[in-house]
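Contents: one structure, followed by commentary.
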Amino acid sequence: LNNFLEDRVLERTAQLQSANEELQRKNKEIEEALFKGQKIERKRVASELHDNLGGTLMAIRWRVESLQAEGLNEVERHIYNDLYNMINRAYGEVRLLSHHLMPAVLEKEGLETALHELAVPINKTKRLHLSVQTDEVGRFLDTRQQMELYSIALEVVTNTLKHAQASHAQLCLRRVKGSIVLEISDNGVGTSAETVEQGMGMKNIRERAETLGGSLKVVSVPGKGTSVAVKIPASLSQAESAEGLDRTPAGS
């Protein structure tokens, strides 16, 4: 009887293990399908922003340029200049956002290069100087993690441009033992950390970090700027060993 029961337990255990493995495989397939769908949607939204909204803003700018500004009085000229500058700023932000929603450089050359490329058009606007420092962390991140971290960086930098009134910001991507840390800090007006975290953009960032098994930390001081740090566990590629994660890179 004991042998019979042991055989039944072993058989049932094997069935449960097989069912668990099948469930894990199905979950992985669902995650991959969702990620693929997100990539397709990001490309579609980027195209819509660039072609439709961008085209509309450009048409508005041309109509404004066609006005005869020479005949305007001082108040009207001031309004005209403000309107023209607002349209230019909106058009630039739409182009920037559409380009970075699905950058080809991220797929071809990886997260580190994409983050450095992110700073180029921003620095050209001269509204904000963004400096970027990155460790070589691509081999410790899968495609989904790289996409999510890039999206987080874009969200934070966009918020900085809109609200921080900062002249300088710094983006750092580094590996600290078994984790990858993305931190973006600025010298803007700052506010309380609670106020920052209540914003919809920061809620999205927190959700993205949590889907990767990570965490979000926000430090903001009125008059001294804001720092946003996302920490996620690193993944290992097939070519890497666990020992590689435990080595802290020099200077980190």
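Laid out as a table, the results:
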| item | result |
| --- | --- |
| Radius 15 Å from Cβ of T134, net charge of other residues (Lys, Arg +1; Asp, Glu -1) | -3 |
| Rounded to the nearest 10 Å², the accessible area of K177 at probe 1.4 Å | 120 Å² |
| Per-residue HN-Hα couplings for segment 9-15 [Karplus 6.51, -1.76, 1.60; θ = phi - 60°; Hz; x = Gly/Pro] | 5, 4, 5, 5, 4, 5, 5 |
| Under the Karplus curve 6.51 cos²θ - 1.76 cosθ + 1.60, θ = phi - 60°, whole-Hz ³J(HN,Hα) for segment 117-123, x wherever Gly or Pro sits | 5, 4, 6, 4, x, 5, 5 |
| By accessible area with a 1.4 Å probe, ligands and nucleic acids excluded, highest first: order of H78, H168 | H78, H168 |
| Greater than 26 Å apart at Cα, pairs in K162/K203; K124/K231; K162/K217; K28/K217 | K124/K231; K28/K217 |
| Heavy-atom SASA rank of D135, D142, D7 (probe 1.4 Å, accessible area, largest first) | D7, D142, D135 |
| From phi via Karplus (6.51, -1.76, 1.60), per-residue ³J(HN,Hα) for segment 209-222 in Hz, x at Gly/Pro | 5, 5, 5, 8, x, x, 9, 10, 10, 10, 10, 9, 10, x |
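The values are calculated or read from the model by the stated rules, or taken from the named source; none is laboratory data. None of these values were measured; they are calculated from a predicted model. Here Cβ is always computed from backbone atoms with ideal geometry, including for glycine, and neighbour counts include all displayed protein chains. Side chains are part of the model used for accessible areas, which takes the heavy atoms of the whole protein and leaves out ligands, DNA and RNA. Shrake-Rupley method; radii C 1.70, N 1.55, O 1.52, S 1.80 Å.
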